[in-house]
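For reference, the structure is listed below as structure tokens.
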Amino acid sequence: MLYRYRLSGYVISEVLGKRFEIKVSLRTVCKWARKFGDVKHILKHLGIFFSRIWHMNEMFIKARRRAYYHAVIDDRSNVIALHISDKRDMQSAIECLRKAKHIAGRPEIIVTDRWQAYPRVIRKVFGWRRPKVKHVVSHFERKKGNLYTITEGSML
């Protein structure tokens, strides 16, 4: 309930500590919000709306272990869904896109790189027969700093 009044996780843990003498970490509050809160309702209440153009990509990361990090981001740089898996396979991409679909609904356009599994992933999540989601393939190259440029694009 405190989360709905736009209180941060830190403030909620302080309120629970001072008012009810319950020591709760910030991480626990975030886990509770994720487990018991409706993500769509919370995002709508906070005024966060996602655009209908999504970018989906995966990258290899090495922290404590080697893993693949799948991300779906809209064109306003809002993160819609994240998924970490041990393998770069179609199933982990499907999981990430299903999370995004649950949170933000159906996009109009999905921009991906040239990984061959993406057309199958999009058809699997959004339907096999005449999907209403357009799939655009683009390749981004890193230029000085954090700027990216599109070198080539095609519509599938």
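Here are some notes:
- Among residues of region 122-145 that are among the polar types (S, T, N, Q), those with a beta-carbon under 7 Å from a residue that is modelled with pLDDT of 65 or more and outside any loop (DSSP other than H, G, I, E, B) at least six positions away or on a different chain give the pairs 138/111.
- Selection of region 105-156 for residues being at pLDDT 65 or above, surrounded by 12 or more Cβ atoms within 10 Å (Cβ to Cβ) and in a loop (DSSP other than H, G, I, E, B) yields 106, 107, 113, 115, 117, 127, 133.
- Residues that are out of contact with any Cys (no Cβ under 7 Å at 6 or more places or on another chain), in contact (Cβ under 8 Å) with a residue 24 or more places away in the chain and of a type outside the set (D, E, K, R), drawn from region 72-102: 78, 80, 90, 92, 93, 94, 96, 97, 100, 102
- Counted as qualifying within region 1-102 are no strands (runs of 3 or more DSSP E), as none has 3 or more residues that are modelled with pLDDT under 85.
The values are calculated or read from the model by the stated rules, or taken from the named source; none is laboratory data. Model, not experiment: these values are computed from the prediction. As a convention, Cβ positions derive from the backbone with ideal geometry for all residues, glycine included, and neighbour counts pool all protein chains shown.
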